[in-house]
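Down below is the structure, laid out as structure tokens.
The values are calculated or read from the model by the stated rules, or taken from the named source; none is laboratory data. Remember, it's a predicted structure, so these values are computed and weren't measured experimentally. Cβ: placed from backbone, ideal geometry, glycine included. Neighbour counts: every protein chain shown.
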């Protein structure tokens, strides 16, 4: 089968690899219907994150179940499924508390399984990791269902962690797919005012479509000052951080009022938080790898009812063979997010 | 009047100063009935925090109102009052959300007003900062009411920030007065299991009196391993950090299960939090200077009904003139907390 593999920064190739098969009785193998390139894939692509040899890529996926192991009970061959980017047993205390991404049986899809930017994918802990749709979805819903497997689930978690809700002013730091979908999530969660921080016209437009009420183009200290201006000097009640740099984390913390909530979902790179400033800020801080599995049933339902259209973040669609162009387009910010069809 | 003043690390003297008077119409002046030495006073005493010249000391106090400014409505002369260590107007959005310690009109009692380790104290924003008891309290309740003004309020906030409650296992890092009172708070809030981390016999004993179910003497990585052992490998649901060092913060974060809550109330000194570890921990982090004012009415009520006895943390009682000995005894860990009578 064909699989996208990153050999070095800037060097993504589609290669022949063995089709995966069931290894453990809790595994499933799925035929991937669609996968995509993640903002987090750009960290190694840009050489910021170290590669240890050629790496199969992709951790966002939807597909049709081909085969399941002998202990898989809920997931059956022929079902259309949406996956989570980390595996989880979904039965332990941590999973039952809604933190499936930190399940003791967690593994990142890529390193454990080979990547999802491929024709087939082995998914460990299939019952705990995959959620099946009721019947085959309409083809036009596939991008939105694919978004649920990471960027929507992650943006949603960011908004939940930031306690976005009625009466709240929510600011979103980061205008990638996750930030844009945090705007959508904040809207769905009933936030009163949603401030998208973005300096790119195409992303501002999508933020407004997803429910943003204000756009702030300033960043850093100027961005913080602007958020304070817009919130009576206090700062936002809820701020979603969807970048993962030192600057974006500090921008998020400083934009939040005392007692407010920062939901941070950008994968932290080189971030260190100053203890005394955090102490004096009085904010709540919560985040990490999103427990997408917690939200999947609800998100799939909203998508199938056509109440949300998160698939709009895909502004480039390519065949799997053109994966390298998907990376290039996102790296050069010509695309917000690239969908790949195997 | 007499006032305790710190001249240099290890050098506390009681001196004559002018009696304070009303400066702003929202001020009150109180005659201090009791004050005390705070663990945070030991930072400059030990030379870890810089002193800018001689500093009047003390920010924990109870007393009788002598005089009020023309705009003070709720507080009246003759009332017995319990104070908060930061002033607050208690009417702005931040105060109404329960974060009085971050009120835009906040000021630390000491730097704004002269210290509370004195015969008299001027309290700005008297209506928003002080809470009066119904009538004069019994003399034996004064230590407990004094505790409410900082260490109890701070331990309580730590336990609330850590979401201590029914069904939860709570671990407390730090066995000073704040840590011990976080144990008391966790018990009052209904926690199922309360693990006090302490290696001092007298403090362990008080922790057990306040409701601890387990004592862990290990600290650092060994302490974390012990907490995991006691919690099925997951870590505690709730951890209160009541020290403020790098080691204690990391011990608290690492002792908390994914999705659990860290409430940190130790004043951060030289702390920097590693972003990636925090990201992967999946914990909630909340803390800062405790909004004591939020909790005072409830805490005063519990004390007057004799349902809690936080005054037990005072194991040394001295006249104000002996303030220096109070500092020495706490610095040398001969006392948990020293009460001073002017």
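Looking at A:309, A:321, can you tell me which residue is within 18 Å of the chain's Cα centre (by Cα) and more than 11 Å from chain B (Cβ to nearest Cβ)? Talk me through it step by step, then tell me what you get.
Numbers: A:321 fails: within 18 Å of the chain's Cα centre (by Cα).
Checking each option against the conditions leaves just A:309.
Of all residues in the stretch B:91-104, which are part of a loop (DSSP other than H, G, I, E, B), over 19 Å from the mean Cα position of the chain (by Cα) and within 11 Å of another protein chain (Cβ to nearest Cβ)?
B:92, B:97, B:104
I'd like the residue in the stretch B:236-274 that is facing chain A (nearest Cβ under 8 Å) and in a helix (DSSP H, G or I) and, out of all such residues, is nearest to residue B:151 (Cα to Cα).
Going through the qualifying residues, I end up with B:249.
I'm trying to understand the selection: among the residues of the stretch B:196-235, which are crowded, with 19+ Cβ neighbours inside 10 Å, in a loop (DSSP other than H, G, I, E, B) and away from chain A (no Cβ under 14 Å)?
B:198, B:212
Condition first: loosely packed, with under 15 Cβ neighbours inside 10 Å and closer than 29 Å to residue B:317 by Cβ. Can you find one or more residues in the stretch B:23-34 that meet it?
no
Listed here are the residues, each with its yes/no results for (1) modelled with pLDDT under 95; (2) surrounded by fewer than 22 Cβ atoms within 10 Å (Cβ to Cβ); (3) assigned to a loop (DSSP other than H, G, I, E, B).
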residue: B:71; (1), (2), (3): no, yes, yes
residue: B:77; (1), (2), (3): no, yes, yes
residue: B:84; (1), (2), (3): yes, no, yes
residue: B:89; (1), (2), (3): no, yes, yes
residue: B:106; (1), (2), (3): yes, no, yes
residue: B:115; (1), (2), (3): yes, no, yes
residue: B:121; (1), (2), (3): no, no, no
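Sort through A:126, A:132 and tell me the only one that's surrounded by fewer than 24 Cβ atoms within 10 Å (Cβ to Cβ), touching a strand residue (DSSP E or B) at 6+ places or on another chain (Cβ under 6 Å) and in contact (Cβ under 8 Å) with a residue 12 or more places away in the chain.
Exactly one of A:126, A:132 is surrounded by fewer than 24 Cβ atoms within 10 Å (Cβ to Cβ), touching a strand residue (DSSP E or B) at 6+ places or on another chain (Cβ under 6 Å) and in contact (Cβ under 8 Å) with a residue 12 or more places away in the chain, namely A:132.
Within the stretch B:182-190, can one find any residue that is more than 23 Å from residue B:289 (Cα to Cα), surrounded by fewer than 23 Cβ atoms within 10 Å (Cβ to Cβ) and either out of contact with any helix residue (DSSP H, G or I) (no Cβ under 6 Å at 6 or more places or on another chain) or without any contact (Cβ under 8 Å) to a residue 40 or more places away in the chain (or both)?
The answer is yes, given that some residue of the stretch B:182-190 is more than 23 Å from residue B:289 (Cα to Cα), surrounded by fewer than 23 Cβ atoms within 10 Å (Cβ to Cβ) and either out of contact with any helix residue (DSSP H, G or I) (no Cβ under 6 Å at 6 or more places or on another chain) or without any contact (Cβ under 8 Å) to a residue 40 or more places away in the chain (or both).
Specify the residue that is nearest to the other protein chains (Cβ to nearest Cβ); the eligible residues are those in the stretch A:280-303 that are more than 16 Å from residue A:157 (Cβ to Cβ) and buried (at least 21 other Cβ atoms within 10 Å of the Cβ).
So the residue we want is A:282.
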